[in-house]
Amino acid sequence: MHKRRSTGGKQKAWRKKRKYELGRQPGNTKLSSNKTVRRIRVRGGNVKWRALRLDTGNYSWGSESVTRKTRILDVVYNASNNELVRTQTLVKSAIIQVDAAPFKQWYLQHYGIDIGRKKKMASKKEATEEPEGAAEETKRSKHVARKLEKRQKDRKLDPHVEEQFGGGRLLACISSRPGQCGRADG
């Protein structure tokens, strides 16, 4: 039906359109706190979940092998269309900003280091609040201290990522298809 002739000319439609050839309007998932996901019956009685509005998603930090559910804050870049950035539309492979708090919390618990603090502020605090920092160290058992020390040896953090933690917003890429599965994960 849709194919052209070898010369490039259009072919005459030789039958009417069939149900299995149908297409639907795009979901155009928007960034909004009012989460809206619709259920759509598709061919074979299967189900698709069409997300119309989303504000959270499951995001992975590949190098650390950790995944956390976090808020989507902003759509920053889209390779396919600038209009999708302007209208805050969530699609696959869109570059977005997510809340860094869940990953900060994990990093603190896993490595015992609070990332994203401003260096100057941290040095001033160390000078004034020495007893509090020392008290925090004594709370840890020897086993936990050894474990954290061992993890420190292999710890690597890209300066660009550390800078993003400082701002409280991480750049992420959506890898799921919100209009098909109803989720914006990446």
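Over region 144-186, the Kirkwood radius and the radius of gyration, each from Cα atoms, give a ratio Rg/Rh of 1.22. Taking label positions 7 Å along the Cα-Cβ direction at both LEU108 and TYR20, the computed distance is 5.7 nm, reported to one decimal.
Here, the chain has an Rg and a Dmax of 24.3, 84 Å when only alpha carbons are counted. Taking 7 Å steps out from each Cα toward its Cβ at LYS48 and ASN82 produces label points 3.0 nm apart. Going through the cross-link list LYS19/LYS48; LYS104/LYS142; LYS69/LYS147; LYS104/LYS156; LYS69/LYS104; LYS16/LYS48, which pairs have a Cα-Cα distance over 19 Å in this structure? Beyond 19 Å: LYS104/LYS142; LYS69/LYS147; LYS16/LYS48. Here each label is just a point 7 Å from Cα along the line to Cβ, and for ARG155 and GLN11 those points are 6.4 nm apart. Compared with the dominant Cα axis of the chain, that is its longest principal axis, helix 101-111 is turned about 50°.
Ranking request for peptides 41-47, 89-95, 170-176, 76-82: highest mean number of other beta-carbon atoms within 10 Å first, then the rest in descending order. Write down the numbers at each step before the final one.
Numbers: 41-47: 8.4, 89-95: 19.7, 170-176: 17.7, 76-82: 12.4.
Per-residue Cβ counts within 10 Å, averaged per peptide and sorted highest first, yield 89-95, 170-176, 76-82, 41-47.
How much FRET efficiency would the formula 1/(1 + (r/R0)^6) give for VAL37 and ARG140, where r is the Cβ-Cβ distance and R0 is 30 Å, rounded to 0.05? Efficiency, rounded to the nearest 0.05: 0.10.
Here, each number is a calculation from the coordinates, and none is a lab measurement. Remember, predicted model here, so these are calculated numbers, not experimental data. A quick note on method: Cβ atoms are made from the backbone with ideal geometry, for glycine too, and the neighbour counts reach across all protein chains shown.
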